[in-house]
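Note sheet for the following structure.
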Amino acid sequence: MCFGLANQGHAEDGYDLWLRYQPLESSAKARYEPLVTHLVAPNARPTIRAATDELQRGFKAMFGYDLVQRETLMGNGAVLVTRADSPNLKGLDLPFAKLGEEGYLIRTAVIAGNRTTIIAGNSDVGTLYGVFRFLKLLQTGQPIDNLDIVDAPKLKVRVLNHWDNLDRHVERGYAGQSLWDWQKLPLHKDPRYTDYARANASIGINGTVLTNVNANADILRPDYLQKVKALAEVFRPYGIKVYLTARFSAPIELGKLKTADPLDPQVQAWWKAKIDEIYSVIPDFGGLLVKANSEGQPGPADYKRTHAEGANMLADALAPHHGILMWRAFVYAAENAEDRHKQAYTEFQPLDGKFRDNVLVQVKNGAIDFQPREPFHPLFGAMPKTPLMMEFQITKEYLGFATHLAYLGTMWEEVLEADTFRPKKGSTVAKVIETPVDAGAATGMAGVANIGSDRNWSGSQFDQANWYAFGRFAWDPDAKAEAIARDWAAMTWGREAADPVVRMMMGSREAVVDYMTPLGLAHLMATGHHYGPGPWVSDLARPEWNPVYYHKADAAGIGFDRTAKGSDALSQYAPEVVKAWGSPKTIPENLLLWFHHLPWDYRTKSGRTLWDELVTRYDAGVDVVGKMQADWAALRGKVDETRWAEVRDFLAIQHAEATWWRDASIAYFQSISKRPLPAGHKPPAHDLEYYKAISNPYAPGQGK
Ligand code: BDP
């Protein structure tokens, strides 16, 4: 195999994502050729067309010539791209009953004497997913001579949440502007929208919320709905529905009503008419997502109504159209002195069973806010009568923006595997979100997108892996981060580079935890933009906006006591979890300071004092980045130069910023602990005042 020569025509820049379809080695080509001699796709419905176009595109790039398409099976080697109801499949007794609406099977079979590869679902979109899976087999060099694959998604709603504003600013976006060029829509549909849809379909994503949760009511205006319609038309063949965010006060802003009270008949009528209007423009519209009474957003509490009353009003208007309402549980009230960890649970748990069937309460993976590590959110398992969906953040607001290499698959796996013990041992977070609360109830997962107008889509080559991994976990919350990384690495960097790339990825998120917030610390980022360290910040209006609120370091020790002696947030978990996490001796050390305030001289599992352990972790994090740099240097010439150089540069940025985090954090905490650095650990390059004086007012992605 010739490294670096595979890409023909254009220099690689990451635009092709994991759908690069590199020319096959001659041995693989020879192996596959007799098994892929022609394509039979009996009809030209748009989704089948999208599937066969993709197959043709991939085949041509990998084999170097067009795959012949025929009307009927003609000898061995047909790839039959079809649906369960195809006459070709009669009498074959295939397991379509297991596939649900969106699953697929890929099966090697003999049909009328012809050895055939069948790719089929119960629906066209199932078939499309099957084609992408087949292409992945070819891309990753798997055997295809005796296939028997059956796969179906475990969750129904698998959506990206774009935090995109109408002026194309992306909140917490580090990949350029919003993809949605509202000003040119609907008459100009950028071809990129189709590539976006292809990429999403390739990993099973079936919905996209186009607009920011900090919502602007204007998206619901008739002229904007025409633009949304244009996007929906591009996405439809790929099985992707569009959703929008609804600003709760839209009846006032757009409808000129005096109130947005969800129990007011005029308000209800306004929303019903608005939602009917949306469906008249986009008949398969997915539904709405709402952030209410959180961080200044309007909501039902403005009228002394509950979240359930607010959500149900919209859900009732969506129900006749089979629309879904996603209602976020990310709330912490303005005047509430309660530990922020506790607030969402306090507000939502008593509402269990009060939401309509077509509501999905969208819960972040942890109780605070997408930190590098958080314990799983206590609401998972605690609302058995309410459909809960997972919200992950794909964009790396708190994990180094686009330039830090941090594979989030390991973080998501950790959360999904966590045992809630509700109702019983083994009830992992994955099980909780996969199990419909009653037959037919919605299930889902949302990921805050990291996609923008940058050529490489995600702001960095490696952040594409997080988009990819999100899709795979949304399809199967029990998936394994390493297997996902392996698929991505093989397709994105080539099979020969996959091993070192996977090694880098698998340790990368833990490194970020270590150099930013080790041992269960959290939310120590600088104010507003969250770029760089700010553990000293203590002057912001609300206590929980200040990093000092989260680490509570003082002369005696460090950490947030959330046990019964402290805020008692721990009591929101099942008794088994309370027991395990209630003692510093039995809690996993990586959550230690999340739940416990401990003396600086506390002995950690390594035998070191807490202070020494903290310093050791900061250095360990920086060291891992150094190792990633060395691993990457060794890949020079084995991957294309342009992407290689970009990653090299970004790793250098990461190393500098990891060192900044380490130095600033140690300088600050040492000013409190008043302890010497353990032997072998060098002092920060500058004094604390130097780090405090660093200011980055123009850091990207800020909320506005
Ligand atoms: C925080 C972000 C903020 C979002 C908020 C949310 O800093 O920009 O609006 O989450 O999820 O992490 O609503």
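Would segment 384-394 turn up any residue that is assigned to a loop (DSSP other than H, G, I, E, B), within 16 Å of the ligand (Cβ to nearest atom), over 22 Å from Lys579 (Cβ atoms) and outside the structural domain of Asp438 (by TED's automatic domain parsing)? Don't jump to the end; show me each part of the working.
Of the residues in segment 384-394, the ones assigned to a loop (DSSP other than H, G, I, E, B) are 384-387, 394.
If we keep only those that are within 16 Å of the ligand (Cβ to nearest atom) too, we end up with 394.
This time we only want the ones that are over 22 Å from Lys579 (Cβ atoms), so: 394.
Next, only the ones that are outside the structural domain of Asp438 (by TED's automatic domain parsing) stay: 394.
Yes; the residues of segment 384-394 include at least one that is assigned to a loop (DSSP other than H, G, I, E, B), within 16 Å of the ligand (Cβ to nearest atom), over 22 Å from Lys579 (Cβ atoms) and outside the structural domain of Asp438 (by TED's automatic domain parsing).
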Exercise for review: Name, by its number, the condition in (1) open to solvent by 10 Å² or more (accessible area, probe 1.4 Å); (2) within 25 Å of Thr346 (Cα to Cα); (3) in contact (Cβ under 8 Å) with a residue 60 or more places away in the chain that does not hold for Ala418.
Suggested key: (3)
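Kindly indicate the residue of segment 538-554 that is assigned to a loop (DSSP other than H, G, I, E, B) and free of Cβ contacts under 8 Å to residues at least 40 places away in the same chain and also surrounded by the fewest Cβ atoms within 10 Å (Cβ to Cβ) among those meeting that condition.
Of the residues in segment 538-554, the ones assigned to a loop (DSSP other than H, G, I, E, B) are 538-542, 546, 552-554.
Narrowing the set further to residues that are free of Cβ contacts under 8 Å to residues at least 40 places away in the same chain leaves 538-541, 546.
Numbers: Ser538: 12, Asp539: 9, Leu540: 14, Ala541: 7, Asn546: 19.
Only one residue tops the list, namely Ala541.
Any idea which residue in segment 249-306 is nearest to Lys704 (Cα to Cα), counting only those that are of a type in the set (S, T, N, Q) and open to solvent by 50 Å² or more (accessible area, probe 1.4 Å)? Explain how you work it out, then say what you get.
Of the residues in segment 249-306, the ones of a type in the set (S, T, N, Q) are 249, 259, 266, 268, 280, 293-294, 297, 306.
If we keep only those that are open to solvent by 50 Å² or more (accessible area, probe 1.4 Å) too, we end up with 266, 268, 280, 306.
Values: Gln266: 31, Gln268: 30, Ser280: 32, Thr306: 27 Å.
The residue in question is Thr306.
Residue by residue, here is whether (1) touching a strand residue (DSSP E or B) at 6+ places or on another chain (Cβ under 8 Å); (2) under 25 Å from Lys431 (Cβ atoms) holds:
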{"position": "Phe462", "(1), (2)": "no, no"}
{"position": "Gly471", "(1), (2)": "yes, yes"}
{"position": "Ala483", "(1), (2)": "no, yes"}
{"position": "Arg486", "(1), (2)": "no, yes"}
{"position": "Ala490", "(1), (2)": "no, no"}
{"position": "Trp493", "(1), (2)": "yes, no"}
{"position": "Glu496", "(1), (2)": "no, no"}
{"position": "Val501", "(1), (2)": "no, no"}
Check your understanding: Listed residues Lys385, Lys424; which is basic (Lys, Arg) and free of Cβ contacts under 8 Å to residues at least 40 places away in the same chain?
Key -> Lys424
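Would you confirm, using the coordinates I've provided, whether Pro262 is in contact (Cβ under 8 Å) with a residue 24 or more places away in the chain and within 16 Å of the ligand (Cβ to nearest atom)? Can you show your working first?
Details: in contact (Cβ under 8 Å) with a residue 24 or more places away in the chain: yes; within 16 Å of the ligand (Cβ to nearest atom): no.
Judged against the criteria, Pro262 is not a match.
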Check your understanding: Which members of segment 431-443 meet the condition of being touching a Lys or Arg at 6+ places or on another chain (Cβ under 8 Å), closer than 24 Å to Arg373 by Cβ and either open to solvent by less than 10 Å² (accessible area, probe 1.4 Å) or among the aliphatic types (A, V, I, L, M) (or both)?
Key -> Val432
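Scan segment 669-685 residue by residue and report those that are within 19 Å of Ala658 (Cα to Cα) and loosely packed, with under 13 Cβ neighbours inside 10 Å. Don't jump to the end; show me each part of the working.
Of segment 669-685, the ones within 19 Å of Ala658 (Cα to Cα) are 669-670, 677, 680-685.
Once the filter is applied, which keeps residues that are within 19 Å of Ala658 (Cα to Cα) and loosely packed, with under 13 Cβ neighbours inside 10 Å, segment 669-685 yields Gly680, Lys682, Pro683.
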Review point. Looking only at residues in segment 332-380 that are surrounded by 21 or more Cβ atoms within 10 Å (Cβ to Cβ) and among the hydroxyl-bearing types (Ser, Thr, Tyr), which one is nearest to the ligand (Cβ to nearest atom)?
Key: Tyr332
Practice item. Starting from residues that are in contact with a Pro (Cβ under 9 Å, 6 or more places away or on another chain) and not in a helix (DSSP H, G or I), keep the ones in segment 645-698 and report whichever is farthest from Phe401 (Cα to Cα). Key: Leu677
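Hand me the list of strands (runs of 3 or more DSSP E) wholly inside segment 47-123 holding 3 or more residues that are among the aliphatic types (A, V, I, L, M).
Values: elements: 68-70, 78-83, 104-111, 114-121.
Answer list for segment 47-123: 78-83, 104-111, 114-121.
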**Study point:** Close pairs from segment 394-405: first closer than 19 Å to Lys364 by Cα, partner within 11 Å of the ligand (Cβ to nearest atom) and open to solvent by 10 Å² or more (accessible area, probe 1.4 Å), Cβ under 7 Å, at least 6 apart
**Key:** Thr395/Arg172; Thr395/Gly173; Glu397/Arg172; Glu397/His530; Tyr398/His530
Practice item. Please indicate, with yes or no, whether at least one residue in segment 453-472 is without any contact (Cβ under 8 Å) to a residue 60 or more places away in the chain, of a type in the set (A, V, I, L, M, F, W, C) and under 21 Å from Ala201 (Cβ atoms). Key: yes
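For Tyr515, indicate whether it is buried (at least 22 other Cβ atoms within 10 Å of the Cβ), away from the ligand (no atom under 16 Å from the Cβ) and within 27 Å of the chain's Cα centre (by Cα). Explain how you work it out, then say what you get.
Working: buried (at least 22 other Cβ atoms within 10 Å of the Cβ): yes; away from the ligand (no atom under 16 Å from the Cβ): yes; within 27 Å of the chain's Cα centre (by Cα): yes.
Yes; evaluated as a whole, the condition is true for this residue.
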Check your understanding: Can you spot a residue in segment 403-417 that is modelled with pLDDT of 95 or more, hydroxyl-bearing (Ser, Thr, Tyr), within 16 Å of the ligand (Cβ to nearest atom) and outside the structural domain of Asn546 (by TED's automatic domain parsing)?
Key -> no
Exercise for review: Just name the residue that is nearest to Asn76 (Cα to Cα) out of those in segment 144-161 that are touching a residue at least 60 places away in the same chain (Cβ under 8 Å) and assigned to a loop (DSSP other than H, G, I, E, B).
Suggested key: Asp145
Review point. Name the residues in segment 191-227 that are of a type in the set (Lys, Arg) and either part of a helix (DSSP H, G or I) or open to solvent by less than 10 Å² (accessible area, probe 1.4 Å) (or both), would you?
Key: Arg192, Arg198, Lys227
Exercise for review: Quickly run through segment 124-136 and pick out the residues that are surrounded by fewer than 20 Cβ atoms within 10 Å (Cβ to Cβ) and touching a strand residue (DSSP E or B) at 6+ places or on another chain (Cβ under 8 Å).
Suggested key: Arg133
Review point. What number of residues within segment 249-288 satisfy the criterion of being small (Gly, Ala, Ser), within 15 Å of Gly310 (Cβ to Cβ) and assigned to a helix (DSSP H, G or I)?
Key: 1
Exercise for review: Filter segment 27-67 down to residues that are surrounded by 13 or more Cβ atoms within 10 Å (Cβ to Cβ) and either under 21 Å from Asn114 (Cβ atoms) or charged (D, E, K, R) (or both), then give me how many there are.
Suggested key: 25
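Quick one: which residue in Gly452, Gly447 is in contact with an Asp or Glu (Cβ under 8 Å, 6 or more places away or on another chain), within 16 Å of the ligand (Cβ to nearest atom) and not aliphatic (A, V, I, L, M)? Step through it out loud before you land on a result.
Working: Gly452 fails: in contact with an Asp or Glu (Cβ under 8 Å, 6 or more places away or on another chain).
From the options Gly452, Gly447, the qualifying one is Gly447.
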Check your understanding: Among (1) over 26 Å from Tyr174 (Cα atoms); (2) of a type in the set (A, V, I, L, M); (3) touching a strand residue (DSSP E or B) at 6+ places or on another chain (Cβ under 9 Å), where does Ala667 come up short?
Key -> (3)
Review point. Is it true that Leu325 is within 16 Å of the ligand (Cβ to nearest atom), open to solvent by less than 50 Å² (accessible area, probe 1.4 Å), over 29 Å from Asp568 (Cα atoms) and in contact (Cβ under 8 Å) with a residue 12 or more places away in the chain?
Key: no
Exercise for review: For segment 196-215, indicate whether the set of residues that are touching an Asp or Glu at 6+ places or on another chain (Cβ under 9 Å), over 23 Å from Gln464 (Cβ atoms) and away from the ligand (no atom under 16 Å from the Cβ) is non-empty.
Suggested key: no
Check your understanding: Ala246 passes all but one of (1) within 16 Å of the ligand (Cβ to nearest atom); (2) over 30 Å from Arg198 (Cβ atoms); (3) small (Gly, Ala, Ser); which number fails?
Key -> (2)
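Please enumerate the residues belonging to segment 610-644 that are outside any helix (DSSP H, G or I) and touching a residue at least 40 places away in the same chain (Cβ under 8 Å).
Ala634, Leu635, Gly637, Lys638, Val639, Asp640
The values are calculated or read from the model by the stated rules, or taken from the named source; none is laboratory data. Since the model is a prediction, treat every value here as computed from it, not as a measurement. Positions of Cβ are backbone-derived with ideal geometry, glycine not excepted, and every protein chain shown enters the neighbour counts. Protein only, heavy atoms only, side chains kept; ligands, DNA and RNA dropped before computing areas. Shrake-Rupley method; radii C 1.70, N 1.55, O 1.52, S 1.80 Å.
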